[in-house]
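Contents: one structure, followed by commentary.
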Amino acid sequence: MRIRTQITATLLSAAALIGVVGAVAILSQMSLTRSAALAEATSVARQLAGSIAFKTADAPRPLFERPEALREFVRLQHNDSKRDLVVVDRDKTILADVPGEEENVGKSFGHDHGNEVGRVIEDSQPLAFVEDSADVPEPINLVAVPIESAPGKIVGALLFEYTPLLRAAQDRTNAMLWLVGLSTAAAMLIAAFSAFLLLNRFGAGLSSLNRGIEALARGDSGARIGHASGDEFGQLAKGFDTMAAELESSRRQLVDQKAYIEDIVRTVAEGIAVIDGDGRVMSVNPAAADIAGRHASKIEGQDWRSVLEMRGPTGDRLGTGASPVELALATGRRHQSEVRLVKPDGSQLPVIASCNPLNRADGGIVLTLSDISELRSAERAVNDRAEELAVLNRELRETSEATNRLVKLGELLQACVTFQEAFSVVGSAMPDFFGGLSGTVHLTSASRNLVEEMAHWGDVRSSVGQFAPEDCWALRRGQEHVAGPGMLTPRCNHITENGGRGYVCMPLAAQGETLGIVHLTEPNAADRPDWLAERKQVLRGVVDTLALALANLRLRETLRQQSIRDPNTGLYNRRYLEETSSRELRRLERSGQPMAVIMLDVDHFKQFNDTFGHEAGDLVLKQVASTLLDHARESDVVSRYGGEEFAVMMPGTSLVDAAERAEALRKAVKQLHLTHRGRTLGTITASFGVSAFPELGASWAEIVNAADRSLYQAKADGRDRVVAGLRKTDPDWDLSTPGRSAAEG
């Protein structure tokens, strides 16, 4: 096709493209306008549906449940928007319609041929459809939205007309169509006129350029075009004239450049050999002769296979036609690969052989040989170093993971408040540290005469659950003890198996005290002699973390006991009693159970101290405390309330039962016969006051005050007696009121 025809066709195609783009824009605008109209209608319909389902503060029910109000609402909306508006229930029965269509109320809406309204009620998603029936002169575009009385509860649907919006969009689209059509026609006229002017200028310039090229082809290097216009053809003519003037100079320079390139080839470090299409070596530079290990005169003129033996990168022989030289000669394309060049002495030199085809009729290639022996040596060194770094990186990663697990274990153990919680954490965490190994944690008892198992993990149990401290070599020596196949160290007496298992016992020592041991066992120690060395660092970290956590737990437990226990009698102190009582009262109040409190005071305790001394007084308090504990239930709380006064809190006990138990305690105390340093201390008696919840008070303070009143009355009546149920409102705390114990006498 001629260039002129191409230009004309291009301009006409551009004009046609303008028309196509305009048509596409109109269609897109129609689609977008329709979508916008539908979106606007859907939004308005949703708002109306929300208003119908909304329940106002001054109305007992929403509009949907009030037919008259709903029809009035539809009438007002139709008067404002002049659009059809229909409300149906879940059965598609019309509840409200626009003025003039009231006779449709109560009928089923059936103008949705695809059951769009039913699908909206079922799926709760808005749908658009066209109402087309004999009742309407022309189709009406409607959008149906669900009416929700509550989230997810569809009670009906609202149908809203958006035909006016579509008509307005169509009017705008028709106006745009006229505008695009006129623009397209104008563009085509302009394109035709431009093509006429362009073709005239193009023909004149192209004729001048053709004349100059023909003269240059005939060998006339002095030919000139002489086109002096300022357009592109003028620039081409000027460039052509300059090229013709420099052509002769370029030819002279070509000879010099050839000599220069030959010098570069002789001095370059890479070996270069020229091989013709028959595989014969035409020439080689000194570097190629040195790489091949032969003199250049022994290579040039020879078949390349006889002077350049190539093997694979690993030294194996290459198959026929697999060398880069054969591939390049056979295909005429560039080939490059790593090979080993065999020298006359049998040594192999790794090289990169690059074969580039010559642009000649008889074929041939240029073979470039690059010595990479130093590169391969460096790569081997780098690979060795990389393997070392990979091992170090893996060890570092494992150490980091173990450290993170240790930190987490320490945090969990520090958060534990009891030994049971701590050992539960240990039992679940240890398999992460010592995968494949079984083990136990043993703790030394407070009496230091027994070591007990507190946690276990794994499938193998190689140690007994309880043993004496001297049965473990680690506890004897205060350092780790390892035993197993091929080792001369003795096995601990608490080990249950003497076969091929290996084990280690690590003492748990912290704050100058040995708390127990961590015991690990490896069932296949004979096949894994390094089983402990792999885990030694982790084991030491686990032992240190666990020992410190257990020492802190023991210290906290000791401090806690000291804060809630009376040091002389071992009973709970007053603070613990008051804290516990508040919690118990709330629990018993919820369950509807009673609670009784006994307050007792040792009679004439000052005489014991004055007559026999304070040591004898302490002995009396200890024996009374022991008697109270002997008669207490597991749920009772026995405390030293202060001085020689004691208190017993009895959950679930009524006032009558508490009075009977107080009487039993009074008799038990009276039966005590104590001696101190050979002297009989005489008869010990105590006075008791009993109160109960809820009869005598709803709070702990009220209950204790009632018990105190009863206790003071027992003292006033002659001591060694029980008074129960004395209320503050009783006149003069008269013991004749109900609840007085029969133990007065």
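Flag: residue 362 matches the condition of being modelled with pLDDT under 85 and either over 54 Å from the mean Cα position of the chain (by Cα) or closer than 30 Å to residue 267 by Cβ (or both). When the stretch 157-201 is limited to residues that are at pLDDT below 75 and hydroxyl-bearing (Ser, Thr, Tyr), the one that is nearest to the chain's Cα centre (by Cα) turns out to be 173.
Looking across the stretch 704-745, the residues that are at pLDDT below 50 and either closer than 26 Å to residue 575 by Cβ or among the charged types (D, E, K, R) (or both) come down to 732, 734, 740, 744.
The number of residues in the stretch 505-531 being of a type outside the set (Gly, Ala, Ser) and open to solvent by 20 Å² or more (accessible area, probe 1.4 Å) comes to 9. The residues of the stretch 115-168 that are in a strand (DSSP E or B), in contact (Cβ under 8 Å) with a residue 60 or more places away in the chain and open to solvent by 50 Å² or more (accessible area, probe 1.4 Å), listed by number, are 148, 149. Being closer than 24 Å to residue 589 by Cα, at pLDDT 95 or above and crowded, with 22+ Cβ neighbours inside 10 Å, is that true of even one residue in the stretch 662-682? Yes, the stretch 662-682 contains at least one residue that is closer than 24 Å to residue 589 by Cα, at pLDDT 95 or above and crowded, with 22+ Cβ neighbours inside 10 Å. Tell me yes or no: at least one residue of the stretch 637-659 is in contact with a strand residue (DSSP E or B) (Cβ under 9 Å, 6 or more places away or on another chain), of a type in the set (Phe, Trp, Tyr) and in a helix (DSSP H, G or I). Scanning the stretch 637-659, I find no residue that is in contact with a strand residue (DSSP E or B) (Cβ under 9 Å, 6 or more places away or on another chain), of a type in the set (Phe, Trp, Tyr) and in a helix (DSSP H, G or I), so the answer is no. Taken over the stretch 481-497, the criterion of being open to solvent by less than 50 Å² (accessible area, probe 1.4 Å) and assigned to a loop (DSSP other than H, G, I, E, B) is satisfied by 484, 492, 494, 497. Look through the stretch 564-586, keep the residues that are of a type in the set (D, E, K, R) and in contact (Cβ under 8 Å) with a residue 12 or more places away in the chain, and return whichever of them is surrounded by the most Cβ atoms within 10 Å (Cβ to Cβ). Ranking the qualifying residues of the stretch 564-586, first place goes to 584. How about the stretch 321-338: which of its residues are open to solvent by 70 Å² or more (accessible area, probe 1.4 Å) and under 20 Å from residue 348 (Cβ atoms)? Correct list: 336 only. Scanning the stretch 605-637 for residues that are surrounded by 15 or more Cβ atoms within 10 Å (Cβ to Cβ) and under 54 Å from the mean Cα position of the chain (by Cα), which turns out nearest to residue 568 (Cα to Cα)? My answer is 637.
Scanning the stretch 677-703 for residues that are on the phi > 0 side of the Ramachandran plot and assigned to a loop (DSSP other than H, G, I, E, B) gives 677, 678, 697.
When residues of the stretch 593-611 are filtered for being more than 19 Å from residue 662 (Cβ to Cβ) and among the hydrophobic types (A, V, I, L, M, F, W, C), how many remain? Looking only at that region, the number is 1. The single residue among 352, 291, 272 that is surrounded by 11 or more Cβ atoms within 10 Å (Cβ to Cβ) and at pLDDT below 90 turns out to be 291.
Do we have any residue at all in the stretch 660-676 that's in a strand (DSSP E or B) and either within 16 Å of residue 580 (Cβ to Cβ) or touching a residue at least 12 places away in the same chain (Cβ under 8 Å) (or both)? Within the stretch 660-676, one or more residues are in a strand (DSSP E or B) and either within 16 Å of residue 580 (Cβ to Cβ) or touching a residue at least 12 places away in the same chain (Cβ under 8 Å) (or both).
Residue 449 passes every criterion in (1) modelled with pLDDT under 90; (2) assigned to a loop (DSSP other than H, G, I, E, B); (3) touching a strand residue (DSSP E or B) at 6+ places or on another chain (Cβ under 7 Å); (4) open to solvent by 60 Å² or more (accessible area, probe 1.4 Å) apart from (3). Taking (1) open to solvent by 80 Å² or more (accessible area, probe 1.4 Å); (2) touching a Gly at 6+ places or on another chain (Cβ under 7 Å) in turn, residue 108 satisfies each apart from (2).
Flag: residue 640 matches the condition of being among the charged types (D, E, K, R) and buried (at least 18 other Cβ atoms within 10 Å of the Cβ).
The values are calculated or read from the model by the stated rules, or taken from the named source; none is laboratory data. This structure is a prediction, so every number in the text was calculated from the model and none was measured. Heads up, the Cβs are rebuilt from the backbone with ideal geometry, glycines too, and the neighbour counts pull from every protein chain shown. Please note that ligands, DNA and RNA were not included when accessible areas were found on the heavy atoms of the full protein model with its side chains. Shrake-Rupley method; radii C 1.70, N 1.55, O 1.52, S 1.80 Å.
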